[in-house]
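Single-structure report; data block below.
The values are calculated or read from the model by the stated rules, or taken from the named source; none is laboratory data. Just so it is clear, the structure is predicted and the values come from calculations on it, not from any experiment. Neighbour counts run over all protein chains shown; Cβ positions are idealised from the backbone, glycine included.
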């Protein structure tokens, strides 16, 4: 601004202030009696909503900068802070809800594509909440998992058409069929693909260690695998996406499985874009791209334009890993997901991962995240049924992802036909995420979706790993309880066992797709 | 089928399925063989895929899809044409094709060199990237199809347009360098403006560029027994990204 007297500057600032300057989402309430001006909030807030006012000699705040992450509230030593939704309300309008107004103001200011983080917050039916589980009464006894064995072990990979046993009458029969490579999991819960870069090294290390301790697996996501984590390879699924970041021979041979990422539930049909700000030295080394340059993943793999091309990449990866590990293909849940899944399995995938539209993301255009794809429950039921109808269900394991919130969701997913599930958002919640949804800024105040050393040190890998182990152990116990209640002693007896599910308040079409009866039937 | 001499293993690919054929190669690698001559190759896929080390391959015939995918270090010479996906995501090494290349040559490669004597198909050099001292190079002696160097993030593509079977075709197809955010594409002669991706322009080369081009051309000419001076008889132009962050300002936070 040119040299104007101060007062004129202020007037000009007001004149050119954007319409939405004061239409912010949150307000910071500071209890003046409790606040001791210690400035913890100032140091904790990476968005600079809190600041030290030298003139007034006290801590002040700017509500318009608050993104609602609650970091300051959580760490305030005197509990002086409360973060609230702003009570200011537009005139009620069922059609033009405030979110549309705010977005239009922003786009009119910038001409930008609306960018969003984490899973979709839109009000689309959550079928988990409309499915109820069964339990045994009288006719078959329920089982107490505290006293009796309860098997959660799961093997992911292609299963043979039939088993051939050698029996000679005297010795126990021996297996003649050669079994294809499998990923062995002690519990059917895996940590979902979240790339190093999108989340930081401390959390990648925590996931690797937790997966190893739990004897399950975590997925690297598409940003490669830092060499110091190769030692956790027995519990690591390495991902190959269209950008091929950090994909090389050693990487392909470092894990217990390889996953081709075709699509992501939060953003089906589009690629990814890790901004240069997040590419520090370690990320650069792992992705094998220069520091500070954008990491752009094209929408498709440019060597995959057909099912035949997918087959070609699946077998290229098998050749490169000498057929030692299963190859998974991850697709987003879209309208024709069942037919696509059939093609994927026929192309030679040993595992198919279906990611529903409520799945998380570090960054996605909001229009895509909130409007493209279908919920995982419907996709999973459709895929499992289609593969069964075609007699190829055993050729691939099915992993469900995108919107698993609790142990009951896991049980329902397995009853709908999943072999195992991925948890991503729940993984981040376990280490403190509050779903503020600004992962793409690189300023995550919880030290999760950031590579800024000042912020990422807020995640201690020992503590984070312990929390992840606790979460999965707790869920596994709950799964055992629910299985026992149904009179089952093995997760295998639940897989695709839709008789253990009933729908509540669902239409005939929904029940038909889910393949379950209505409650009461 | 195999005759192992003191240094070179000679394999006959006649009638062999790729799985068994490649397993034979891997077995010989495990035994310490480093030089191979593969005869009568006819569409076998994934030859030298995932190999790491200083191997030498001479391939007679037509290798199938994904020749040398994920390879690190092998030097491969093909006496004939190749199918699609040569050098897919390759890390290092050198592939010389005395013939045509297919589609998707050098997809996402981050090191080494691929020399093709004549034409290539679509989507060649997509998402090539460079890292530290690795600077992947693709040289095409003939003409290229659409989307050459799309999403290019690093490395060098040199397009000569000289040894082509397509006399009527332009030197490159549509969308040259679309979305490129690193690396450089050198073209012998000129590229019609409308063949370039959005926002790109071709410019004359500098003396420094000519030094780079000269080094590459001399090696290319030696490998394929061509006359380097004839290649230099025409001037070169270059296409560079207009930004290394082409999509940096596209978004607004919700």
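Can we say residue A:89 is more than 14 Å from chain B (Cβ to nearest Cβ) and farther than 25 Å from residue A:41 by Cβ? Can you show your working first?
On the way: more than 14 Å from chain B (Cβ to nearest Cβ): yes; farther than 25 Å from residue A:41 by Cβ: yes.
So residue A:89 passes the test.
Filtering A:50, A:61 for residues that are closer than 23 Å to residue B:253 by Cβ, out of contact with any helix residue (DSSP H, G or I) (no Cβ under 7 Å at 6 or more places or on another chain) and surrounded by 18 or more Cβ atoms within 10 Å (Cβ to Cβ) leaves a single hit, A:61. Any residue at all in the stretch B:120-140 that's surrounded by fewer than 24 Cβ atoms within 10 Å (Cβ to Cβ), farther than 30 Å from residue A:293 by Cβ and more than 11 Å from every other protein chain (Cβ to nearest Cβ)? No, there is no match, as no residue in the stretch B:120-140 is surrounded by fewer than 24 Cβ atoms within 10 Å (Cβ to Cβ), farther than 30 Å from residue A:293 by Cβ and more than 11 Å from every other protein chain (Cβ to nearest Cβ).
Taking the criterion of being more than 9 Å from chain A (Cβ to nearest Cβ) and more than 9 Å from the chain's Cα centre (by Cα), the residues of the stretch B:98-109 that qualify are B:98, B:99, B:100, B:102. For the stretch A:363-391, the set of residues classified as surrounded by 24 or more Cβ atoms within 10 Å (Cβ to Cβ), away from chain B (no Cβ under 14 Å), more than 10 Å from residue A:338 (Cα to Cα) and touching a helix residue (DSSP H, G or I) at 6+ places or on another chain (Cβ under 7 Å) consists of A:377 only.
On the stretch given as the stretch B:146-161, residues that are within 21 Å of residue B:134 (Cβ to Cβ) and within 11 Å of chain A (Cβ to nearest Cβ) total 5.
Residue count for the stretch A:65-85, restricted to those that are more than 29 Å from the chain's Cα centre (by Cα) and surrounded by 15 or more Cβ atoms within 10 Å (Cβ to Cβ): 3.
Among the numbered conditions (1) surrounded by fewer than 18 Cβ atoms within 10 Å (Cβ to Cβ); (2) in contact with a strand residue (DSSP E or B) (Cβ under 9 Å, 6 or more places away or on another chain); (3) within 25 Å of residue A:293 (Cβ to Cβ), the only one that residue B:155 does not meet is (1). Taking every residue in the stretch A:82-108 that is assigned by TED's automatic domain parsing to the domain that holds residue A:69 and pairing it with any residue that is surrounded by 10 or more Cβ atoms within 10 Å (Cβ to Cβ) and part of a helix (DSSP H, G or I), at least 6 positions away or on another chain, the pairs with Cβ-Cβ distances below 6 Å are A:83/A:73; A:90/A:98.
Of these, A:432, A:442, which one is within 20 Å of residue A:197 (Cα to Cα), out of contact with any strand residue (DSSP E or B) (no Cβ under 9 Å at 6 or more places or on another chain), crowded, with 17+ Cβ neighbours inside 10 Å and modelled with pLDDT under 95? Give the steps one after another, and end with the answer.
Details: A:432 fails: modelled with pLDDT under 95.
Within the list A:432, A:442, the selection yields A:442.
Restricting to the stretch A:99-112, count the residues that are in contact with a helix residue (DSSP H, G or I) (Cβ under 8 Å, 6 or more places away or on another chain) and either more than 11 Å from every other protein chain (Cβ to nearest Cβ) or not in a helix (DSSP H, G or I) (or both). Explain how you work it out, then say what you get.
Our first condition is that a residue be in contact with a helix residue (DSSP H, G or I) (Cβ under 8 Å, 6 or more places away or on another chain); within the stretch A:99-112, this holds for A:103, A:112.
Now drop any that are not either more than 11 Å from every other protein chain (Cβ to nearest Cβ) or not in a helix (DSSP H, G or I) (or both), which leaves A:112.
Looking only at that region, the number is 1.
Residue count for the stretch A:291-314 under the criterion of being facing chain B (nearest Cβ under 7 Å) and either touching a strand residue (DSSP E or B) at 6+ places or on another chain (Cβ under 7 Å) or under 14 Å from residue B:129 (Cβ atoms) (or both): the result is 5.
Out of B:184, B:212, B:191, one residue alone is outside any helix (DSSP H, G or I) and either free of Cβ contacts under 8 Å to residues at least 40 places away in the same chain or under 27 Å from residue A:295 (Cα atoms) (or both). It is B:184.
Tell me the residue from B:6, B:14 that is out of contact with any helix residue (DSSP H, G or I) (no Cβ under 9 Å at 6 or more places or on another chain), modelled with pLDDT under 95, more than 29 Å from residue B:220 (Cβ to Cβ) and in a loop (DSSP other than H, G, I, E, B), please. Going through B:6, B:14 in turn, just one is out of contact with any helix residue (DSSP H, G or I) (no Cβ under 9 Å at 6 or more places or on another chain), modelled with pLDDT under 95, more than 29 Å from residue B:220 (Cβ to Cβ) and in a loop (DSSP other than H, G, I, E, B): B:6.
Residue count for the stretch B:61-90 satisfying the condition of being in contact with a strand residue (DSSP E or B) (Cβ under 6 Å, 6 or more places away or on another chain), surrounded by fewer than 24 Cβ atoms within 10 Å (Cβ to Cβ) and part of a loop (DSSP other than H, G, I, E, B): 2. Restricting A:161, A:123 to those that are more than 14 Å from every other protein chain (Cβ to nearest Cβ) and in contact with a helix residue (DSSP H, G or I) (Cβ under 9 Å, 6 or more places away or on another chain) reduces the list to A:161. Here residue B:178 qualifies as within 14 Å of chain A (Cβ to nearest Cβ) and in a loop (DSSP other than H, G, I, E, B). Here is a check on your reading of the model: is residue A:53 more than 14 Å from chain B (Cβ to nearest Cβ) and farther than 29 Å from residue A:195 by Cα? Yes.
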